[in-house]
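Worksheet: one structure, shown below.
Readers should treat all values here as calculations from the given coordinates under stated rules, not as data from a laboratory. Just so it is clear, the model here is predicted, and its values are computed rather than measured. Ideal geometry is used to build each Cβ from the backbone, glycine not excepted, and the neighbour counts take in all protein chains shown.
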Amino acid sequence: MGKVSFGLAVAVSCAVASTGIAAVLVVRRVRRRTRWNRVLGVLKEFEEACSTSVGRLRQVVDAMAVEMHAGLASEGGSKLKMSLSFVQKLPSGNERGIYYAVDIGGTNFRVLRVQLGGKRSAIVGCDAERQSIPQELMTSTSEDLFDFITSSLKQFIEKEGRGSELLPGRRRDLGFTFSFPVKQTSASSGHLIKWTKGFRIEDLVGRDVAECLQQAVNKKGLDVRVSALVNDTVGTLTLGHYHDPDTVAGVIIGTGTNACYLEGMDAIIKCQGLLRTSGVMVINMEWGNFWSSHLPRTSYDVDLDADSPNPNDQGFEKMISGMYLGEIARRVILRMAQESNVFGPVSPGLSMPFNLRTPLMSVMHEDESPDLREVARILDDTLGIPDVPLKVRRLVVKVCDIVTRRAARLAAAGIVGILKKIGRDGSGGITNGRTRGSSDSNMRRTVVAIEGALYTNYRSFREYLNEALVEILGEDIAQHVTLQVTKDGSGVGAALLAACHSSNIVDRDGSP
Ligand code: BGC
């Protein structure tokens, strides 16, 4: 072979090799693009399924108001329990003295001592001790639970300084905030219907939780009387109303979610004949269990529900509250990882249920660093996914945004549902499931007391909720509605209600 033909052969094989390499690169690029498109497809599908147009939110509003009506008409008439709280008067502001509360219902447990000065808004002092609830206690026995509560209460009382001794014949009045679905039999007694938020202490279901606490308190030798049994929403409404008498509802958006509001006795059909039919009563809606075909439900919600300890229950709560938002986001990210290799091999951390907690999700969502450093850190530290490229981190932020936006907007629709039911949405309210004639000219100032870490600590959630409220109501009506954050209302409100029901108090006069 001559030099020329050898050179030609080399050139040809080089050309073949580089064409081959180019072909491989093209194939790789095409595959990468296909996988990326698949990931974008997952995102798009999720975003569309979570859509909360104002039209859809208005349907949710209507459904909420109709279900409220059905739940008030008969026991079991709706998935909304619309439980009677037996709170027919709220503190007048004249209450004085020292009252206590224990507050259990989410990730934290609190004991409080509240000193009331006898004038509206005169909370002279408030001491509170908070501790997180040991995980094992949530699925233990009622004996362990009440022992934990009363031991904490005993230590709290023992730490009190001199001057707090009881007068002879007096007991300390305590409000018991127990934030799970309860069928109340009076303002200070009620049976646990079922657990939510990951609690599961089977032997307490069906029992009077206030009586159980009283027995545990007696066993510890404490001079304490459980004078009020209170849902956290009712505590929040009570404190809100104590500061501002235009307060008509209380909402919690934290680990779980729920709302209560002031309802006219004549509208509570299911208790007519049992109770006087004039005046008002606080109704604990247990809205976490609300359901409507108008809710934008995705395959991730369906799977989360099926895998939960309470399938078919708490559907609204599972789309809104802090217990679930991180988990929804984790499921979407997992699906993306399974559809492609944008997150590398699927990590055990990503596959672990409830491994992405909502507070971490919110940090990723609100990461303002240019290279989304926090997103990368949490993906690595918590989910075990290292070295995630920037464009994939952006995708994760988008997932968090979709989950949060839907949750906040649905919560806003729930609030407007209440306003509609009581005629404070500018439409004149509903009677017998039908909308009354509309009139927004006489709209009264309306305050909704609100608490819960999701609303108070998560700026994007709060902004989405507030924005949706204005969208649904329209600016003219929305300007009459105030969402007022209360502080420790679930506990302080329970102490206020204990004061209302105290046998020690001099002035117990009050009217909502
Ligand atoms: C409970 C409610 C409670 C809400 C907020 C829900 O899971 O069922 O009773 O008010 O969480 O804490």
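Just the number, please: percent antiparallel of the DSSP beta bridges in the chain, rounded to the nearest 5.
Values: 37 of 59 bridges.
Approximately 65 percent, going by the DSSP bridge assignments.
About its Cα centre, what dipole magnitude does the chain give when the only charges are +1 on Lys and Arg Cβ and -1 on Asp and Glu Cβ, stated in debye to the nearest 20?
1140
How many nm separate the modelled label positions at residue 357 and residue 107, each set 7 Å beyond the Cα in the direction of the Cβ?
0.4
Would you compute, from DSSP H runs of 4+ residues alone, the mean residue ellipticity of the chain at 222 nm, taking -39500 (n - 2.57) per run and dividing by the full residue count, rounded to the nearest 500?
It lands at -14500 deg cm²/dmol.
Given the Cα-Cα distance of residue 202 and residue 44 and 0.36 nm per residue of separation, how much length would full extension add, in nm?
Working: separation 158, 0.36 × 158 = 56.88 nm, distance 4.14 nm.
Extending this stretch completely gives an extra 52.7 nm.
Where in the chain are the DSSP H helices whose C-alpha atoms run 18 Å or more along the long axis and whose mean Kyte hydropathy is at least -0.5?
3-49, 54-73, 142-158, 325-339, 390-421, 459-473
Using the Cβ atoms and a cut-off under 13 Å, what net charge is assigned to the surroundings of residue 221, where Lys and Arg are +1 and Asp and Glu are -1?
So the surrounding residues net to +3.
Hey, with R₀ at 25 Å, roughly what FRET efficiency would residue 381 and residue 133 work out to, going by the Cβ-Cβ distance, to 0.05? It would help to have the intermediate numbers written out before the result.
Values: r = 24 Å, r/R0 = 0.97.
Result of the calculation: an efficiency of 0.55.
Extent of the chain along each principal axis, from alpha carbon coordinates, in Å, largest to smallest?
Principal extents (largest minus smallest coordinate, Cα): 120, 57, 38 Å.
If you look at just the Cα atoms of region 209-350, how large are its Rg and its Dmax in Å?
Over region 209-350's Cα set, Rg and Dmax evaluate to 21.2, 65 Å.
What is the distance in Å between the Cα centroid of region 298-315 and that of region 106-151?
Spelled out, the Cα-based centre of one part sits 30 Å from the other.
Express in whole angstrom the spacing between the alpha-carbon centres of region 458-487 and region 53-104.
The distance from the Cα centre of region 458-487 to that of region 53-104 comes to 19 Å.
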